[in-house]
1. Out of S98, S161, I need the residue that is free of Cβ contacts under 8 Å to residues at least 40 places away in the same chain, part of a helix (DSSP H, G or I) and open to solvent by 40 Å² or more (accessible area, probe 1.4 Å). Which one?
2. Looking only at segment 248-305, which residues are among the polar types (S, T, N, Q) and under 18 Å from the mean Cα position of the chain (by Cα)?
3. Taking segment 486-525 as the region of interest, how many residues are open to solvent by 20 Å² or more (accessible area, probe 1.4 Å), modelled with pLDDT of 90 or more, not aromatic (F, W, Y) and not in a loop (DSSP other than H, G, I, E, B)?
4. State whether the residues of segment 187-206 include one that is farther than 30 Å from H272 by Cβ, more than 29 Å from the chain's Cα centre (by Cα), part of a helix (DSSP H, G or I) and of a type in the set (A, V, I, L, M, F, W, C).
5. Of all residues in segment 233-243 being among the hydrophobic types (A, V, I, L, M, F, W, C) and more than 19 Å from the chain's Cα centre (by Cα), which is surrounded by the fewest Cβ atoms within 10 Å (Cβ to Cβ)?
6. In this structure, is L532 within 14 Å of A460 (Cβ to Cβ), open to solvent by 20 Å² or more (accessible area, probe 1.4 Å) and modelled with pLDDT of 90 or more?
7. Go through segment 29-45 and give me each residue that's in contact (Cβ under 8 Å) with a residue 60 or more places away in the chain and small (G, A, S).
8. If you scan segment 389-438, which residues turn out to be surrounded by 13 or more Cβ atoms within 10 Å (Cβ to Cβ), not in a helix (DSSP H, G or I) and not acidic (D, E)?
Amino acid sequence: MRVGAAITDHQQRSFDELGVPLADVTFCVLDLETTGGNRNDDMITEIGAIKVRGGECVGTFQTLVNPGRAIPPQITVLTGLTDALVARAPRIESVLPSLLDFIGDSVFVAHNAGFDLGFVRAALERAGRDPWNGPVVDTVTLARRLVRDEVPNCKLSTLASRFRLDHQPSHRALDDALATADLLHLLIERAAGLGVLGLDDLIALAKIGGHPHAAKLKLTATLPRAPGVYLFRDANDSVLYVGKATNLRQRVRSYFGSDDRRKIGPMLREMHRVTHIELPDPLTAEIVETRIIGSTLPRYNRRGTTATKYCYVKLDTDAAWPRLSIVKDPAKAGEHLGPLPSRAMAALVVDALQSALPLRRCTQRLGRNYQPADDAPVCSAAQLGVAHCPCSGSADPAAYASAVEYAQRAMRGDATIVIDRLRTRMRSLAAQQRFEEAASTRDRISALLGAIRRTELLRALCDAGDAEVTLDGTTWIIGDGRLVDVRADGRLTAALPVESLGRLEVGRPAPRSHADEALCLAKFFDQRAERLAVSCSGIWRFPIVATERISPLERAA
């Protein structure tokens with residue numbers, strides 16, 4: 001076994017971020033010779049590896065391995081390795097510690113890496129060692145993406161001959177590893193033209209290089225590996241799509257990979273430019289994304305562009321005989337749930353409350369001095385016994401007031417009585433094998449619970465007033481339910497690039513235009529409430545007491 005001297009004055013960087021410049025990455029290029037192609041049945045006969053960094057060799061590893069079985073004649077013809085040649089070589093179990101030490105934290109590189117890495121992992125498993133799961137670069141895949149049109153095939157021998165590499169493969173492990181290292185350097189030079197500058201770019205290129213719009217990868221060359229918002233723009237500089245990311249460069253480049261959503265292809269065809277806003281943290285990025293989407297309404301965004309369709313469920317408690325309704329904008333008086341994302345959800349919420357409480361369902365206006373006619377008809381819901389009918393004069397004011405009180409309590413967050421009644425109804429229907437009706441009741445329960453939680457989150461954010469919320473060194477400054485500024489590392493950021501679209505007011509439902517931003521903040525604070533340091537002028541109510549939920553068994557019913 002021969003291990004060449006390795007340079008030790010430069011420590012290998014961590015790959016947690018993988019945004020390491022390629023010149024600073026240590027690659028371990030490895031090649032194996034084996035008794036055959038089956039990683040489970042065949043064995044390794046020779047290992048050759050070379051470590052390179054910045055285009056220079058920093059170490060080599062070479063050893064024969066005794067496979068513990070005869071080498072097939074066809075393998076001997078191909079490689080020149082014989083049973084006599086490997087008879088005194090160490091077994092793979094003895095070689096693995098030195099090999100793993102040589103690989104260390106390097107990036108594993110091979111030509112057809114699945115073959116070589118598969119044999120290494122199989123040997124580790126047989127030896128009872130932990131699997132090796134570090135970053136991998138396959139020069140076959142890179143060659144197919146970068147030079148496939150220039151060569152008849154992507155065999156190592158073909159590529160080495162076509163591009164006149166310094167080392168030529170010979171079906172011996174170290175020679176082939178040296179040739180693969182030369183090929184790696186050639187491919188890295190080619191990849192630079194597509195904006196591949198870091199390790200994460202190189203690893204991702206195997207997936208994205210063959211994309212029909214891969215030529216536009218160069219548009220991502222200046223994107224930082226930091227949180228922020230990206231904007232895809234067309235030839236007229238109009239915004240096509242807005243997105244957020246914890247790593248802008250990685251996220252934008254992922255569109256050229258395995259993302260096969262139908263809208264992605266047309267969007268990339270229209271895209272002529274990518275702009276970005278770098279921000280201090282993912283929450284701020286999500287807020288700025290929400291504001292930009294709400295103000296520009298990009299064609300390819302769906303989430304955040306439908307605030308004009310949001311609506312509220314209203315109980316007009318100032319009326320003599322309150323009733324539920326779905327309204328576009330909240331009234332100055334009454335109880336409200338919302339804003340809700342669609343009229344369909346609002347309708348389910350109304351159905352849920354009306355199924356549990358005998359509130360009137362007619363739309364007739366009934367003043368406090370209303371006197372029904374002697375022949376006033378009784379509405380169908382009252383005839384079925386599921387609702388009061390004050391318009392016919394048959395409703396009991398005290399019983400109706402009790403139903404209104406339960407509805408108010410539910411809309412203020414205490415829905416226990418309503419949910420219990422709905423669950424009892426759902427179980428009764430299921431017991432009668434009326435499964436479709438039971439499922440409809442389940443959906444109403446889910447919609448009501450979702451609407452209550454959504455509204456309670458917004459109310460809690462409003463109740464906090466002006467607040468400074470700190471987590472892991474970042475402080476978000478909140479005012480009127482809006483993100484006003486951010487302090488990171490003790491310094492205030494520059495003013496947020498986009499103004500908020502609204503604000504919260506105490507005692508009033510959240511406006512439709514501001515619901516998305518407010519919910520984003522409220523959910524973030526609710527999920528991390530135990531870890532936050534908070535100073536506020538109002539009442540801090542996070543985390544919100546969990547509302548009841550539909551159980552998995554009820555969902556499966």
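The values are calculated or read from the model by the stated rules, or taken from the named source; none is laboratory data. Values in this document were obtained by computation on a predicted structure and should not be read as measured data. All Cβ positions, glycine included, derive from the backbone under ideal geometry; neighbour counts span all protein chains shown. Ligands, DNA and RNA are excluded from the accessible area calculation, which covers all protein heavy atoms including side chains. Shrake-Rupley method; radii C 1.70, N 1.55, O 1.52, S 1.80 Å.
1. Numbers: S98 fails: free of Cβ contacts under 8 Å to residues at least 40 places away in the same chain.
One residue alone meets the criteria, S161.
2. Q250, S254, S258, T284, T290, N301
3. Count: 4.
4. Checked against the condition, which is being farther than 30 Å from H272 by Cβ, more than 29 Å from the chain's Cα centre (by Cα), part of a helix (DSSP H, G or I) and of a type in the set (A, V, I, L, M, F, W, C), segment 187-206 yields no hits at all.
5. Filtering first and then ranking leaves A235.
6. yes
7. Within segment 29-45, just G37 meets the criteria.
8. C389, G393, S394, A395, R412, G413, A415, R434, listed by residue number.
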